[in-house]
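Shown next, in structure tokens, is the structure this report addresses.
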Amino acid sequence: MLMSVRDLAHELSHDSHVIVVDVRESHEIAQTGLIPSARHIPLHELATKAADIPGDAIVVCVCASGIRAEVARERLQKQGYPHVWNVLGGMKKWIASGYICEKV
């Protein structure tokens, strides 16, 4: 399931149950920063760190363009997370749309 960056920004400003999981690598995060309140869990660590994500949360996966986030979304769904989304266009679209990133 896909979510637009506009819808994600709206959800983040209105719903505390949304958890953004950024699956990019650390060097990518260092270049652009994170969506505010996002959790950084690189895709290769998702299997071991998924337990840190509440099972009833709305989980929104993001990467640079959406490809790795879709892999993450599928993996989380297979692990039993019922509400998992992929951000259409990823961080490239988020940044191009003028939304804020936090440097880490």
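Looking at 71, 60 in this structure, which one is among the hydrophobic types (A, V, I, L, M, F, W, C), more than 21 Å from residue 99 (Cβ to Cβ) and not in a loop (DSSP other than H, G, I, E, B)?
None of the other options fit; the residue is 71.
Just checking, how many residues over the stretch 12-27 are assigned to a helix (DSSP H, G or I) and under 20 Å from residue 52 (Cβ atoms)?
Selection size over the stretch 12-27: 2.
If you go through the stretch 63-104, how many residues are within 11 Å of residue 19 (Cβ to Cβ) and either buried (at least 22 other Cβ atoms within 10 Å of the Cβ) or touching a Leu at 6+ places or on another chain (Cβ under 9 Å) (or both)?
So the first thing to find is which residues in the stretch 63-104 are within 11 Å of residue 19 (Cβ to Cβ), and the list is 76, 81, 83-85.
Now drop any that are not either buried (at least 22 other Cβ atoms within 10 Å of the Cβ) or touching a Leu at 6+ places or on another chain (Cβ under 9 Å) (or both), which leaves 76, 84-85.
Of the residues in the stretch 63-104, 3 are within 11 Å of residue 19 (Cβ to Cβ) and either buried (at least 22 other Cβ atoms within 10 Å of the Cβ) or touching a Leu at 6+ places or on another chain (Cβ under 9 Å) (or both).
Would you confirm whether or not the stretch 28-36 contains a residue that is buried (at least 19 other Cβ atoms within 10 Å of the Cβ), of a type in the set (D, E, K, R) and assigned to a helix (DSSP H, G or I)?
No; the residues of the stretch 28-36 include none that is buried (at least 19 other Cβ atoms within 10 Å of the Cβ), of a type in the set (D, E, K, R) and assigned to a helix (DSSP H, G or I).
Only the coordinates and a few stated rules stand behind these numbers; no lab work does. Computed from a prediction, not measured in an experiment: that's the story for all the values here. Because the Cβ atoms are built from the backbone with ideal geometry, glycine has one as well, and the counts that use them run over all protein chains shown.
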